[in-house]
Amino acid sequence: KAGVTQTPRYLIKTRGQQVTLSCSPISGHRSVSWYQQTPGQGLQFLFEYFSETQRNKGNFPGRFSGRQFSNSRSEMNVSTLELGDSALYLCASSRSGGEKLFFGSGTQLSVL
Amino acid sequence: QKEVEQNSGPLSVPEGAIASLNCTYSDRGSQSFFWYRQYSGKSPELIMFIYSNGDKEDGRFTAQLNKASQYVSLLIRDSQPSDSATYLCAVKHNNNDMRFGAGTRLTVKP
């Protein structure tokens, strides 16, 4: 069974640009969660999607948005990038949410 | 107050010793608790989960939960250098989202 796939693996952007990250969950998993990881901060919860609906949202500004498609694949978008957005963005899938999470390899975003 | 708190460490133990990792949480209604291990440069992977008060053992790992004290811990017996990693405590809230602590970095010295 294929794992969680995130693309791209690395991204370098400049301030003010926008970026879209992609996540393909494990087959059969309908919940996709997104996390931001920075040194010393651990995993900060961004949002969770289930059956194409955003079910939960963390404390991030509106510049961070996401969506989920009918095949459960999810995208995350960050607009008007700031230097502080530099981080590892992890996607995790689970069958129905709030249970055992399976993580992708992450997208390392650098904002210059 | 952070929702899930862990000592950031680093925690250093000699090979063969017991490593004890602790976590407290603020949401008294939380029902499910998880421990993830993250090696440097890798993604977190689930190693233990516990739902009921008491102990749960899996090989060298034991998870302990005390809901009255809002406390969950992970014991690693006979620690090995390969156990050196960051251990993340995660708590499932009633609304189904999973919140993580900042992690405790463990080093097992040969």
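First check a/c for chain A, with a ≥ b ≥ c the square roots of the eigenvalues of its C-alpha gyration tensor; if it is under 1.5, answer rounded, and if not, answer prolate when a/b is larger than b/c or oblate otherwise.
Prolate, because a/c is 1.5 or more and a/b exceeds b/c.
To the nearest 0.05, how large is the calculated FRET efficiency for B:Ala17 and B:Lys42 if R₀ is 35 Å and r is the Cβ-Cβ distance?
The value I calculate is 0.90.
Please average, across the residues of B:89-102, the number of beta carbons from any other chain that are within 10 Å of each residue's own beta carbon, and give a whole number.
Mean partner shielding for this stretch: 6.
I need the per residue convex hull volume for the protein assembly as shown, using only the alpha carbons, in cubic angstrom as a whole number.
Enclosed volume per residue, from the Cα hull, is 123 Å³.
What is the diffusion coefficient of chain B in µm²/s, taking the Kirkwood radius over Cα pairs and the Stokes-Einstein relation at 20 °C with a viscosity of 1.002 mPa s?
154 µm²/s
Out of the DSSP beta bridges found with both residues in chain A, what percent are antiparallel (nearest 5)?
If we restrict to bridges inside chain A, about 90 percent are antiparallel.
For A:Arg55, A:Arg15, give me the order by solvent-accessible area with a 1.4 Å probe, most accessible first, ignoring ligands, DNA and RNA.
Of A:Arg55, A:Arg15, the descending order of accessible area is A:Arg15, A:Arg55.
Just to be sure I understand: if you take the accessible area of chain A alone plus chain B alone and subtract the pair, with a 1.4 Å probe, what total do you get in Å², rounded to 100?
Interface area, both chains combined: 1500 Å², rounded to the nearest 100.
Please compute, for peptide A:39-45, the average count of beta-carbon atoms on other protein chains lying within 10 Å of each residue's beta-carbon.
What the average comes to for A:39-45 is 6.
Which distance in nm do the two modelled labels at B:Glu5 and A:Asn59 give, with both placed 7 Å along the Cα-to-Cβ direction?
Each label point lies 7 Å from its Cα, and together they span 1.4 nm.
Take the solvent-accessible surface of the protein heavy atoms, probe 1.4 Å, and return the percent of it on the stretch A:39-104 that carbon and sulfur atoms account for.
Using a 1.4 Å probe with all protein chains present, the stretch A:39-104 comes out at 47 percent carbon and sulfur.
Residue by residue through the stretch B:86-92, which ³J(HN,Hα) values in whole Hz follow from phi under the Karplus form 6.51 cos²θ - 1.76 cosθ + 1.60 (θ = phi - 60°), with glycine and proline marked x?
9, 10, 10, 8, 10, 10, 8
Tell me the accessible surface of B:Glu45 in square angstrom (1.4 angstrom probe, heavy atoms of protein chains only), to the nearest ten.
That residue has around 70 Å² of solvent-accessible surface.
Using θ = phi - 60° and the Karplus curve 6.51 cos²θ - 1.76 cosθ + 1.60, what whole-Hz ³J(HN,Hα) does each residue of the stretch B:17-34 get, with Gly and Pro shown as x?
Per residue, the Karplus-derived 3J(HN,Hα) values read 7, 9, 9, 10, 10, 10, 8, 10, 9, 9, 7, 5, x, 4, 10, 10, 9, 9 Hz.
Find the relative contact order for the stretch A:30-112 and round it to a whole percent, using C-alpha pairs within less than 8 Å whose residues are 6+ positions apart.
Value for the stretch A:30-112: 30 percent.
For B:Ser32, what residues show an amide H to amide H distance below 5 Å, using hydrogens built from the backbone and excluding near sequence neighbours?
Distant-sequence amide H within range of B:Ser32: B:Lys92.
Please go through the residue pairs A:Lys57/B:Lys67; A:Lys13/B:Lys109; A:Lys100/B:Lys67 and name each one whose alpha carbons sit more than 30 Å apart in this structure.
A:Lys13/B:Lys109
Take A:Glu52 and B:Asn66, extend 7 Å from each Cα along the Cα→Cβ direction, and tell me the distance between the two endpoints in nm.
Reported label-point gap for A:Glu52 and B:Asn66 is 4.8 nm.
The values are calculated or read from the model by the stated rules, or taken from the named source; none is laboratory data. Since the model is a prediction, treat every value here as computed from it, not as a measurement. FYI the Cβ positions are ideal-geometry reconstructions off the backbone, even for glycines, and counts take in every protein chain you see. Just the protein is used for accessible areas: all its heavy atoms, side chains included, with ligands, DNA and RNA removed. Shrake-Rupley method; radii C 1.70, N 1.55, O 1.52, S 1.80 Å.
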